[in-house]
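Peer 1: I have a structure I would like to understand better, so I am pasting it below and will then ask my questions one at a time.
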Amino acid sequence: MKVLFELHHPKHYYQVKHIYHKFDDFLFVIKAKDILEELLISEGVEYVKIGGVKAGIVNKLTNSVGLMAAFAKVIRAFKPDVVFSKASPYSAFLSPLFSYKTIITPDSEVVALTNKFVSRLSDLIITQHCFELDFGKKHVKLDTFFESCYLHPDYFTPNPEILSKHGINPDQKLILLRFIGWGANHDIGKSGLPDQEKIELVKKLELYGRVIISSEKKLPVELEGNKFSASPNVMHQLMHHASLYMGDSQSMATEAALLGTPAIRCNSFVGPDDMSNFVFLENQLNLLHNFSSIDMAVDKAFELLEDDESKSEWNERKVSYFKSIQDPNVQLLNYINQL
């Protein structure tokens, strides 16, 4: 089976990191976004880049024409049997023209383009166990989160020496902050933290330990000294050893929670219509705190940092959770091979 993996986010690579080599032939195709290209280079993975990401609705629409043409050229040359993506409209639209099958792995229920268009043209839809929409007979579910494919203890090994090599003391109390760019299609109308609130937050948190920031957007000059500067594939080690994760990112909140690190997610998605995976992590597993209010999030951060048992409690919950699920990569491979 020849499989083309279309990646738009670092998580999409990690999600298939432990299975892609099991196919007869494979190809990674990317749009350059944030650290994705840098991550693949650091991992020694070959890829084809079809373009970049543009901000704004008009720019996104005009950019899509070029991306579609570039993607079609790659498809024509590689001739895949299957195109695997999060929920690519390009692969869905082109599949009838090039006679390949499509697999999508949507991780949230709020993306109208996926729900109304891409899902209907896809051959197989794989989601997380808690996904609330039903796409019918072609819809299957893992018994866990997509992030488990690379953070399950069978696949992730803590290594404090990696942090030491990058100038980060793993024995120091570490606080990881993540600020995203809020430029994705599903982010329109949503928002994270303003710069001044970021500055004030860091000043308060530095009373407890070293604050390290991962940010898609350029940081205020006051916070440049806090910027995460190691290779992208070091991030999960930092996340694991941190005493607290806090940010407006969606994916990294889940990753921190599943690594046993007290995790706080704060953005305007949080509320009665929040995505099911974050609700499950908070209400069922007690591994994540979700807030729309920065003040409430900061109060919870102080509470967790002042609790010497919070890290060990999170780790115990994480260990218990992973004992309750099956191997996520075996599940994923089985579904793909049944197509």
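Yes/no per residue for (1) buried (at least 19 other Cβ atoms within 10 Å of the Cβ); (2) touching a Leu at 6+ places or on another chain (Cβ under 6 Å):
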| residue | (1), (2) |
| --- | --- |
| 3 | yes, no |
| 13 | yes, yes |
| 16 | yes, no |
| 22 | no, no |
| 31 | yes, no |
| 37 | no, no |
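Peer 1: Here is a further query. Which ones in the stretch 227-243 are over 22 Å from residue 14 (Cα atoms) and crowded, with 20+ Cβ neighbours inside 10 Å?
Peer 2: 243, the sole residue that qualifies.
Peer 1: What about residue 302, is it without any contact (Cβ under 8 Å) to a residue 40 or more places away in the chain, in a helix (DSSP H, G or I) and either in the same structural domain as residue 133 (by TED's automatic domain parsing) or not polar (S, T, N, Q) (or both)?
Peer 2: Working: without any contact (Cβ under 8 Å) to a residue 40 or more places away in the chain: no; in a helix (DSSP H, G or I): yes; either in the same structural domain as residue 133 (by TED's automatic domain parsing) or not polar (S, T, N, Q) (or both): yes.
Against the criterion (without any contact (Cβ under 8 Å) to a residue 40 or more places away in the chain, in a helix (DSSP H, G or I) and either in the same structural domain as residue 133 (by TED's automatic domain parsing) or not polar (S, T, N, Q) (or both)), residue 302 does not qualify.
Peer 1: Let me ask you something else. Return the residues of the stretch 263-280 that are buried (at least 20 other Cβ atoms within 10 Å of the Cβ) and in contact with a strand residue (DSSP E or B) (Cβ under 8 Å, 6 or more places away or on another chain); say none if nothing qualifies.
Peer 2: 263, 264, 265, 266, 270, 278
Peer 1: Could you check how many residues of the stretch 305-339 are within 24 Å of residue 263 (Cα to Cα) and either touching a helix residue (DSSP H, G or I) at 6+ places or on another chain (Cβ under 7 Å) or small (Gly, Ala, Ser) (or both)?
Peer 2: 7
Peer 1: Something else now. Of the residues 270, 202, 211, 234, only one is hydrophobic (A, V, I, L, M, F, W, C), touching a residue at least 24 places away in the same chain (Cβ under 8 Å) and either farther than 28 Å from residue 160 by Cβ or outside any helix (DSSP H, G or I) (or both); which?
Peer 2: The conditions single out 211.
Peer 1: Here's something else I'd like to know. Name the residue that is farthest from the chain's Cα centre (by Cα), counting only residues in the stretch 245-278 that are under 24 Å from residue 217 (Cα atoms) and small (Gly, Ala, Ser).
Peer 2: 268
Peer 1: Considering every residue within the stretch 78-92, establish whether at least one is in a helix (DSSP H, G or I), modelled with pLDDT under 95 and surrounded by fewer than 14 Cβ atoms within 10 Å (Cβ to Cβ).
Peer 2: No, that holds for no residue.
Peer 1: If residue 313 satisfies every condition in (1) more than 18 Å from residue 152 (Cα to Cα); (2) assigned to a helix (DSSP H, G or I); (3) of a type in the set (D, E, K, R); (4) over 21 Å from the mean Cα position of the chain (by Cα) but one, which is the exception?
Peer 2: Result: residue 313 passes all but (1).
Peer 1: Shifting gears a bit: For the stretch 111-130, give me each residue that is in contact with a helix residue (DSSP H, G or I) (Cβ under 7 Å, 6 or more places away or on another chain) and buried (at least 16 other Cβ atoms within 10 Å of the Cβ).
Peer 2: First, the residues of the stretch 111-130 that are in contact with a helix residue (DSSP H, G or I) (Cβ under 7 Å, 6 or more places away or on another chain): 111, 113, 117-118, 121-126, 128, 130.
Residues satisfying the conditions are 111, 118, 122, 124, 125, 126, 128, 130.
Peer 1: Please identify the pairs in which a residue from the stretch 282-297 that is closer than 18 Å to residue 196 by Cβ and part of a helix (DSSP H, G or I) has its Cβ atom under 8 Å from the Cβ atom of a residue that is of a type in the set (A, V, I, L, M, F, W, C) and modelled with pLDDT under 95, counting only partners at least 6 apart or on another chain.
Peer 2: Listed pairs, sorted by first residue: 294/193; 294/201; 294/266; 297/266.
Peer 1: Right, another one. Out of all the residues in the stretch 237-258, is one or more among the hydroxyl-bearing types (Ser, Thr, Tyr) and in contact with a Cys (Cβ under 8 Å, 6 or more places away or on another chain)?
Peer 2: No, every residue in the stretch 237-258 fails to be among the hydroxyl-bearing types (Ser, Thr, Tyr) and in contact with a Cys (Cβ under 8 Å, 6 or more places away or on another chain).
Peer 1: Can residue 133 be described as free of Cβ contacts under 8 Å to residues at least 40 places away in the same chain, surrounded by fewer than 22 Cβ atoms within 10 Å (Cβ to Cβ), farther than 16 Å from residue 328 by Cα and in contact with a helix residue (DSSP H, G or I) (Cβ under 8 Å, 6 or more places away or on another chain)?
Peer 2: Numbers: free of Cβ contacts under 8 Å to residues at least 40 places away in the same chain: yes; surrounded by fewer than 22 Cβ atoms within 10 Å (Cβ to Cβ): yes; farther than 16 Å from residue 328 by Cα: yes; in contact with a helix residue (DSSP H, G or I) (Cβ under 8 Å, 6 or more places away or on another chain): yes.
It is true that residue 133 is free of Cβ contacts under 8 Å to residues at least 40 places away in the same chain, surrounded by fewer than 22 Cβ atoms within 10 Å (Cβ to Cβ), farther than 16 Å from residue 328 by Cα and in contact with a helix residue (DSSP H, G or I) (Cβ under 8 Å, 6 or more places away or on another chain).
Peer 1: Please pick out the residue among 155, 150 that is touching a Lys or Arg at 6+ places or on another chain (Cβ under 7 Å) and either part of a helix (DSSP H, G or I) or under 29 Å from residue 336 (Cβ atoms) (or both). Walk me through how you get there before you give the answer.
Peer 2: Working: 155 fails: touching a Lys or Arg at 6+ places or on another chain (Cβ under 7 Å).
Answer to the selection: 150.
Peer 1: Please indicate, with yes or no, whether at least one residue in the stretch 251-264 is on the phi > 0 side of the Ramachandran plot, of a type outside the set (D, E, K, R) and touching a Phe, Trp or Tyr at 6+ places or on another chain (Cβ under 8 Å).
Peer 2: Checking the stretch 251-264: at least one residue is on the phi > 0 side of the Ramachandran plot, of a type outside the set (D, E, K, R) and touching a Phe, Trp or Tyr at 6+ places or on another chain (Cβ under 8 Å).
Peer 1: Quick check on the stretch 76-87. Is at least one of its residues within 28 Å of residue 328 (Cβ to Cβ) and among the hydroxyl-bearing types (Ser, Thr, Tyr)?
Peer 2: The initial filter retains those residues of the stretch 76-87 that are within 28 Å of residue 328 (Cβ to Cβ), namely 78, 80-87.
Restricting the remaining residues to those that are among the hydroxyl-bearing types (Ser, Thr, Tyr) gives 85.
For the stretch 76-87, residues within 28 Å of residue 328 (Cβ to Cβ) and among the hydroxyl-bearing types (Ser, Thr, Tyr): present.
Peer 1: Would you be able to tell me the number of residues in the stretch 1-42 that are acidic (Asp, Glu) and closer than 18 Å to residue 228 by Cα?
Peer 2: Just the residues of the stretch 1-42 that are acidic (Asp, Glu), to begin with: 6, 24-25, 34, 37-38.
Still in the list and also closer than 18 Å to residue 228 by Cα: 34, 37-38.
The total comes to 3.
Peer 1: Let me ask something else about it. Return the total of residues in the stretch 9-39 being assigned to a helix (DSSP H, G or I) and within 18 Å of residue 215 (Cα to Cα).
Peer 2: Within the stretch 9-39, residues that are assigned to a helix (DSSP H, G or I) and within 18 Å of residue 215 (Cα to Cα) number 6.
The values are calculated or read from the model by the stated rules, or taken from the named source; none is laboratory data. Note that this is a predicted model, so its numbers are computed, not measured. Methodologically, a virtual Cβ is constructed for each residue, glycine included, from the backbone with ideal geometry; neighbour enumeration extends over all protein chains shown.
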